[in-house]
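Contents: one structure, followed by commentary.
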Amino acid sequence: PLIGSQLLGFTSWRGIFVTLSLIGIILVAGTVAGLGETLPQDRRQKSGLRTTLRTFVSLLSDRRFLGYTFAAAFAFAAGISYISSSPFILQQIYGLSPQTLGLVFAVNALGIVFAAQINTRLVGAIAPQRLLLWGGILIATSGVALLVSALLDIGLAGILPSLFFMTSSFGLIVPNATTLALAGTSTAGSASGLLGVLQLLVGALAAPLVGIGGTESVLPLAIAIFIFGLATLSTTIISGRSVEVSA
């Protein structure tokens, strides 16, 4: 976002799309040239689509996998809501320039990096379930703060900190939810793929729902993040209790 906002200083949205296309070409070329298969030949699966679908069905019946997957998916939906709506809200309602908006996105991205680094330092000493719970509490609290800011019309003084802590929670939620969802599965590749698909599906449903509420007020975004934040925390708590009972 920071680079994109600077590009808008001397090009239009078309220039942004050209830049994205060039980046895509570079990524494809790098993938083809530099990412070969690392698994030994004798360990590679030769099963087809039918076997993959059976694996997906099996994963969808795994309460542990589904619980932690949806904890990550609901947090992802909150993030998609923020990404899709905040540019319009912060520029049209609060008058931020594209360049300032890029800085806001950059600061929030640094929050994710900072939280992820904290997670890296703590994960050996503290259980992933507890770190995930902390992330769930952080995103839920941020959603409450954002909703209160919208209802009381506090303005940027309440909105920007709420969005910062909401995005920072991803540094705790995503790595730990992914680790816990994949733990104990014998098909980590398929599980990882399904986890990503479910996250994208939930996120794809979130963006248009927020858009329906319009961009004349921050309230629709606040309600969405409030709901998805509570859903993340609730799913995390339920999943943790389910694991304790099964253990």
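What the table shows:
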{"quantity": "Subset of the range 74-90 [of a type in the set (A, V, I, L, M), over 9 Å from PHE228 (Cβ atoms) and open to solvent by less than 30 Å² (accessible area, probe 1.4 Å)]", "calculated": "ILE89, LEU90"}
{"quantity": "LEU60, sole failed condition from (1) more than 30 Å from ARG241 (Cα to Cα); (2) exposed (fewer than 14 other Cβ atoms within 10 Å of the Cβ); (3) over 20 Å from the mean Cα position of the chain (by Cα); (4) not small (Gly, Ala, Ser)", "calculated": "(1)"}
{"quantity": "Residue under evaluation ALA157, criteria (1) within 17 Å of ALA71 (Cβ to Cβ); (2) surrounded by fewer than 22 Cβ atoms within 10 Å (Cβ to Cβ), criterion not met", "calculated": "(1)"}
{"quantity": "Positions within the range 121-141 being open to solvent by 10 Å² or more (accessible area, probe 1.4 Å) and part of a helix (DSSP H, G or I), in sequence order", "calculated": "ARG121, LEU122, PRO128, GLN129, ARG130, LEU133, TRP134, ILE137, LEU138, THR141"}
{"quantity": "Pairs with Cβ under 9 Å, 6+ apart, first in the range 1-27 and open to solvent by less than 100 Å² (accessible area, probe 1.4 Å), second part of a loop (DSSP other than H, G, I, E, B) and not β-branched (Val, Ile, Thr)", "calculated": "SER5/SER97; GLY15/LEU8; ILE16/LEU8"}
{"quantity": "Boolean, THR19 is of a type in the set (Ser, Thr, Tyr) and modelled with pLDDT of 90 or more", "calculated": "yes"}
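For (1) in a helix (DSSP H, G or I); (2) open to solvent by less than 50 Å² (accessible area, probe 1.4 Å); (3) free of Cβ contacts under 8 Å to residues at least 40 places away in the same chain, each residue gets a yes or a no:
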residue: ILE173; (1), (2), (3): yes, yes, no
residue: THR178; (1), (2), (3): yes, yes, no
residue: SER186; (1), (2), (3): no, no, yes
residue: SER192; (1), (2), (3): yes, no, yes
residue: ALA222; (1), (2), (3): yes, yes, no
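Matching residues to (1) among the aromatic types (Phe, Trp, Tyr); (2) at pLDDT below 95; (3) within 12 Å of the chain's Cα centre (by Cα):
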position	(1), (2), (3)
ALA140	no, no, no
VAL144	no, no, no
ALA150	no, yes, no
LEU156	no, yes, no
LEU163	no, no, no
SER192	no, yes, no
LEU200	no, yes, yes
LEU205	no, yes, no
LEU209	no, yes, no
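The values are calculated or read from the model by the stated rules, or taken from the named source; none is laboratory data. Note that this is a predicted model, so its numbers are computed, not measured. Note: ideal-geometry Cβ built from the backbone for every residue, glycine included; neighbour counts use all protein chains shown. Remember, those area values only see protein heavy atoms, side chains included, never the ligands or the DNA or RNA. Shrake-Rupley method; radii C 1.70, N 1.55, O 1.52, S 1.80 Å.
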